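Read-outs throughout are calculated quantities, based only on the coordinates presented, and are distinct from any laboratory measurement. Since the model is a prediction, treat every value here as computed from it, not as a measurement. Because the Cβ atoms are built from the backbone with ideal geometry, glycine has one as well, and the counts that use them run over all protein chains shown.
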Amino acid sequence: MIVPAEMVPPVRGATAFLSAQVRSGDWILPRLFRGVSVFGDLKLDLTRARFGAGTSHIELVVIMGNVTILVPPDVRVDCDGDAIIGAFETEGEKWSTAGIDAPTIRVSGTAFMGSVEIKIVNPNAPSWIKMLRTRWNEARGLSAGQP
């Protein structure tokens with residue numbers, strides 16, 4: 001959801017130092033979001049977030065920690081990060097349905113002995129409990145509609 005430019009904060013951030021930090025729900029992604037995770041876990045859930053038109057930047061520094069970013073499929077993601085004995089990756093590009101005028105999120109930074117995982121979430125994917133139930137029924141030889 002795109003919001004007017006005057007509603008978009010210029011800079012915000014979050015720090016997870018030996019702790020966990022979560023940003024989720026209905027919030028506005030600033031033009032520049034700085035995240036730091038040192039021996040911590042930072043989760044940014046953008047699935048219900050609102051964006052300004054154009055490009056927003058998420059800048060990360062991860063030292064022996066984790067950062068997970070959940071992105072809706074109608075937002076374009078540009079990932080440009082470095083990993084040193086770690087991981088900086090994007091998953092789920094096949095779910096992306098971003099149009100030409102979609103908001104863009106540019107993710108950059110460094111992960112030193114840590115990980116940054118950007119997941120494009122499929123809104124139509126079954127829940128984990130439904131998948132577990134389906135696998136259980138398949139293992140028992142039952143169809144999906146049987147108890």
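Want the number for Arg140 to Thr97: 0.36 nm per residue separation, take away the alpha-carbon distance, what's left?
On the way: separation 43, 0.36 × 43 = 15.48 nm, distance 3.64 nm.
That works out to 11.8 nm of additional length.
Restricting the calculation to Cα atoms, the chain yields a radius of gyration followed by a Dmax of 17.5, 57 Å. The gain in end-to-end length when the Thr104 to Ser127 segment is fully stretched comes to 5.6 nm, 0.36 nm per residue minus the alpha carbon separation. Taking amide H as placed 1.01 Å from N in the peptide plane, Ala87 has its amide H under 5 Å from the amide H of Gly114, Ser115, Val116, each at least 5 places away in sequence or on another chain. Amide H to amide H, with H built 1.01 Å from N, Gly40 comes under 5 Å of Leu18, Ser19, Gly65, Asn66, counting only residues 5 or more places away or on other chains. Treating the angle as unsigned and between 0 and 90°, give the value, to the nearest 10°, between the Cα long axis of helix 128-140 and the longest Cα principal axis of the chain. Tilt of helix 128-140: around 30 degrees. Working from label points 7 Å from Cα in the Cα-to-Cβ sense, the Asp78 to Thr15 distance is 2.9 nm. Using each residue's phi in the stretch 38-47, evaluate 6.51 cos²θ - 1.76 cosθ + 1.60 at θ = phi - 60° and report the 3J(HN,Hα) Karplus result to the nearest Hz, with x for Gly and Pro. With the stated coefficients, the stretch 38-47 comes to 10, 6, x, 10, 10, 10, 10, 9, 9, 5 Hz.
Listed peptides 26-36, 67-77 appear in the order 67-77, 26-36 once ranked by packing, highest mean of other Cβ atoms within 10 Å at the front.
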